[in-house]
Each structure stands twice: as structure tokens, then as C-alpha cells.
Amino acid sequence: MSTKYKILYLFESSDLIVAEVKRLDLPEDADLSDVYHWLYLDRISKSMIKLWFRSMDSSSDIEERFFEQGYLKFNNKEATFIEKYNSAQHKLRTLDANKPSEEIIRQIEDYLM
């Protein structure tokens, strides 16, 4: 695993990947928006975008993240990403963030360069 970042959350379907990444190579006083990145990888087009974080909610059973581009609801087994204006809903599997595929590692590293 890289010393430049750590994957905190990782979700995937056959069409997309959603991940939260924490940068480890920034100064301690760096802005949180520079340290934490929610990334959306469209596997079909191979494009990656940063999801612009707005707020979050947590309970013992479910986590929720709200972004400019949509909404993510997840637990330790599955997730749903709902695009803004409910234009699409994506069912995702929760993956072990400590064991990302080579595809995911390559995409994240390309993004962070």
C-alpha cells in the first residue's frame, strides 16, 4: 500500500467504483478538503471525478454522505449511490479498503499525481 494515501472506504459495481481516500503526504495543517477525497470512477468511460463533500450522518447501522453530485448510503456489506436529481441509482458492494485491486490503485495514483 502507498505511503502517500490510505483508502478509508471502498465500494464497487461492474460499472463504477466509489472510494474515500485520505492523503498522507500533506502537512498536518492542510485543509481537510485537500486531505480527504471522495472519488467516483466510471469504469465504462474510465473517467474519475472528485465528489464534492457537503455533509454526513452516521448511526450504528448506516452511514450517509451527501455530495454536490449525489448521495451515498452504506453499511459494512453494501452501498447505494444516488446521483443528483435521482438521475440514476447504483447498487454497490462494500470492499475491504485494505485490499484494493490493481485497477483501483492505478486509478487513485493517477488521480493524486
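Just need a number here: residues in region 34-43 that are surrounded by 11 or more Cβ atoms within 10 Å (Cβ to Cβ) and assigned to a helix (DSSP H, G or I).
Final tally of qualifying residues: 1.
Scan region 56-81 for residues that are hydroxyl-bearing (Ser, Thr, Tyr) and either in contact with an Asp or Glu (Cβ under 8 Å, 6 or more places away or on another chain) or assigned to a strand (DSSP E or B) (or both) and jot them down.
If the condition is that a residue be hydroxyl-bearing (Ser, Thr, Tyr) and either in contact with an Asp or Glu (Cβ under 8 Å, 6 or more places away or on another chain) or assigned to a strand (DSSP E or B) (or both), then Ser58, Tyr71, Thr80 are the ones that fit.
Surrounded by 14 or more Cβ atoms within 10 Å (Cβ to Cβ), in contact (Cβ under 8 Å) with a residue 40 or more places away in the chain, touching a helix residue (DSSP H, G or I) at 6+ places or on another chain (Cβ under 8 Å) and closer than 26 Å to Tyr85 by Cα: does that describe Leu72?
no
Sort out which residues of region 8-33 are in contact with a helix residue (DSSP H, G or I) (Cβ under 7 Å, 6 or more places away or on another chain) and part of a loop (DSSP other than H, G, I, E, B), and write them in order of number.
Once the filter is applied, which keeps residues that are in contact with a helix residue (DSSP H, G or I) (Cβ under 7 Å, 6 or more places away or on another chain) and part of a loop (DSSP other than H, G, I, E, B), region 8-33 yields only Leu26.
Got a sec? Which of Lys77, Lys46, Lys84 is more than 24 Å from Thr3 (Cβ to Cβ), of a type outside the set (A, V, I, L, M, F, W, C), loosely packed, with under 15 Cβ neighbours inside 10 Å and touching a Gly at 6+ places or on another chain (Cβ under 6 Å)?
Of Lys77, Lys46, Lys84, the one residue that is more than 24 Å from Thr3 (Cβ to Cβ), of a type outside the set (A, V, I, L, M, F, W, C), loosely packed, with under 15 Cβ neighbours inside 10 Å and touching a Gly at 6+ places or on another chain (Cβ under 6 Å) is Lys84.
Confirm whether Leu41 is touching a helix residue (DSSP H, G or I) at 6+ places or on another chain (Cβ under 8 Å) and over 23 Å from Glu102 (Cα atoms).
In short, no.
Name the residue, out of Asp25, Asp61, Asp34, that is closer than 17 Å to Asp110 by Cβ, free of Cβ contacts under 8 Å to residues at least 60 places away in the same chain and of a type in the set (Asp, Glu).
Unique residue meeting the criteria: Asp25.
Every number in this text was worked out from the coordinates using simple rules, so none of it is lab data. Please read all numbers here as calculations on a predicted model, not as lab measurements. Positions of Cβ are backbone-derived with ideal geometry, glycine not excepted, and every protein chain shown enters the neighbour counts.
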